[in-house]
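Scroll down for the structure; my scribbles are underneath it.
The values are calculated or read from the model by the stated rules, or taken from the named source; none is laboratory data. Small disclaimer: the values here were computed from a predicted structure and weren't measured. Cβ: placed from backbone, ideal geometry, glycine included. Neighbour counts: every protein chain shown. Note: areas computed on protein heavy atoms with side chains; ligands, DNA, RNA excluded. Shrake-Rupley method; radii C 1.70, N 1.55, O 1.52, S 1.80 Å.
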Amino acid sequence: MTANSIVLGDFASFNIAILVYFAGVRLNRDIAVLNRYNIPEPVSGGLLVALGVLALYLLGYGEVTFSLAARDFLLLYFFTSIGLNARLADLLRGGTPLLILLALTIGYMCLQNGVGVAVAAAFGLPAAYGLIGGTVSLIGGHGTAIAWGPTFADSYGVAGAVELGAATATLGLIAASVLGGPVAQYLIKAKDATRDPDSDAVIPTIGLKREEEASASVTHTGLMRAILVLNLTIALGVALKEVLDETGVDLPLFVVCLFCGILLSNTVPVLLKLPNWPARTRSLAVISDLALGVFLSMSLMSLQLWTIAGLAGPMLVILALQVVLAGTFIVFVLFPLMGRDYEAAVLGAGYAGFALGATPTAIANMTAVTKHYGAATKAFLILPLVSAFFVDLANALIIRLFLSF
């Protein structure tokens, strides 16, 4: 950092993120195209702040750095709430679509890496360079890019691999946030993937415990109950993560917490006959929405856009082709095979966010679409299970497979 850099602490960063969210709400209300194409409010506000921070940097005022400690905890809250909302019956009903989505995703990951490696080869660069423009930085995100960077730099001759991967992941996250809404809009309008008006009788809106609770109010006791269950579930997830680490099983903490939420919601209320378990209640939905909104606001506003300037021409070509590949794959492969219906269209928005960015971006994309057109429970259920669990395991194997060629 430069001498005149600005470092904002946890409290300031958290409250700025809330202001950023409201700025996004205002932007989406005043700029019709943002609302029409379902751009999430945290993305609109977050990118505006990121551009402002970039301007300060270019004018010589140094870097503005936000604390992201609160963001990481909000990620746990959000994914734990997804787990708590999952019913075993829904999981069983989503079995076949889940397997189809998993198979499509593994195939897509191979395509994504294939594009990266092919372009790298055309420029006379090593395959590892192309993988940075593939699943390492895009589906893998910043964490995977940083984890693999030293290996690529030391063993495969990619100079500055960590910085290159982080910059690629940053640009991918922006593309993911912008692509999902327009893709879903196209599928819904051009492909007539409209929502069944009677679907609420079968599929409850996300956040509801029962259909008759649609008009239920949020109370302080409901919020406290939901927070308590969330915290206990996260505590169990932390403990289980430590056990898994000792056995050599490396899973992200939010994935472990998600599965702990599924486990508890499908056992504790039945065994202990608890009538007020917070799953699918308005209170839990409020906390979940808050966690996702602030998380994504912090993620977007903290992007250091000047790092993108370090991307070389070949990587920009790779990224441009990856955006085209993602859109084409969603429209012509994923959408038809997932049913050509409204759920598949919402899933397409999420898949754009996940294929180029991160799982929270995918959820935000789907949330923006469902605010306009209605609930899509199956999409919200199966995409996190694939993107937050199976993909991390498959990605390591696929990366090693491509490096062996």
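All Cα-Cα distances of region 134-174, cut into 10 Å bins from zero to the largest, leave 39, 53, 8 percent in each bin in turn.
For region 333-372, the equivalent ellipsoid built from the Cα gyration tensor has semi-axes of 17, 13, 5 Å, listed from largest to smallest.
In percent, rounded to a whole number, the relative contact order of region 97-201 is 18, using alpha-carbon pairs under 8 Å and six or more apart. Label-to-label distance, Ile6 versus Leu51, with points set 7 angstrom from Cα along the beta-carbon direction: 1.8 nm.
Our summary gives the chain a relative contact order of 30 percent, counting only alpha carbon pairs under 8 angstrom and 6 or more residues apart. Dividing the convex hull volume of the alpha-carbon atoms in region 230-283 by its residue count gives 81 Å³ per residue.
Distance between the 7 Å Cα→Cβ label points at Ile106 and Val33: 4.1 nm. Give me the tail of P(r) for region 329-405 as a percent: Cα-Cα pairs with distance above 20 Å. Taking all Cα-Cα pairs of region 329-405, the fraction more than 20 Å apart is 34 percent.
Pairwise alpha-carbon distances in region 290-365 exceed 21 Å for 41% of all pairs.
The calculated 222 nm mean residue ellipticity attributable to helices in the chain amounts to -22500 deg cm²/dmol, summing -39500 (n - 2.57) over DSSP H runs of n ≥ 4 and dividing by all residues. Pairs over the 22 Å Cα-Cα cut-off, from the set Lys189/Lys371; Lys273/Lys378; Lys191/Lys371: Lys273/Lys378.
Tell me the carbon and sulfur percent of the accessible area for region 99-169, rounded to whole percent, probe radius 1.4 Å. Please report the intermediate quantities before stating the final value.
Working: 1760 of 2510 Å².
Solvent-exposed carbon and sulfur of region 99-169 make up 70 percent of the total.
If I take R0 = 22 Å and measure r between the Cβ atoms of Leu99 and Val331 in this structure, what FRET efficiency does the formula 1/(1 + (r/R0)^6) give, to the nearest 0.05? Intermediate results must be reported in sequence, preceding the final value.
Values: r = 22 Å, r/R0 = 0.98.
About 0.55, to the nearest 0.05.
Taken along the Cα-to-beta-carbon direction at a fixed 7 Å, the label points for Val270 and Leu244 span 2.2 nm. Computed over region 21-156, the range of Cα coordinates on each principal axis works out to 54, 42, 32 Å, biggest value leading. Residues in the chain average 43 Å² of solvent-accessible surface per residue, probe 1.4 Å, ligands and nucleic acids excluded.
Note on region 43-99: Kirkwood radius taken over Cα pairs, Stokes-Einstein applied at 10 °C and 1.306 mPa s, translational D equal to 106 µm² s⁻¹.
Taking amide H as placed 1.01 Å from N in the peptide plane, the amide H of Val7 sits under 5 Å from that of Thr65, each at least 5 places away or on another chain. Each of Pro150, Ile398, Ala127 was placed along the dipole of the chain (beta-carbon charges, centred on the mean Cα), and the one lying farthest toward the positive end is Ile398.
Placing +1 on the Cβ of every Lys and Arg and -1 on the Cβ of every Asp and Glu, with no other charges, gives the chain a dipole of roughly 660 debye about its Cα centre. Across region 235-327, Cα pairs under 8 Å and at least six residues apart give a relative contact order of 15 percent. Ordering Ile188, Ala161, Asn231 by the projection of their Cα atoms onto the charge dipole of the chain, which places +1 on the Cβ of Lys and Arg and -1 on the Cβ of Asp and Glu, puts Ile188 at the extreme positive end. All C-alpha pair distances within the chain, sorted into 10 Å bins from zero, spread as 5, 22, 33, 27, 11, 2, 0 percent across the bins. Computed over region 269-405, the convex hull of the alpha-carbon atoms projects to a mean area of 12.1 nm².
Averaging 1/r over every pair of different alpha carbons in region 106-196 and inverting the result gives a Kirkwood radius of 14.2 Å.
Compute the whole-percent fraction of alpha carbon pairs in region 1-47 spaced more than 13 Å apart. Mind showing how you got there, number by number?
Working: 631 of 1081 pairs.
Tail fraction, whole percent: 58.
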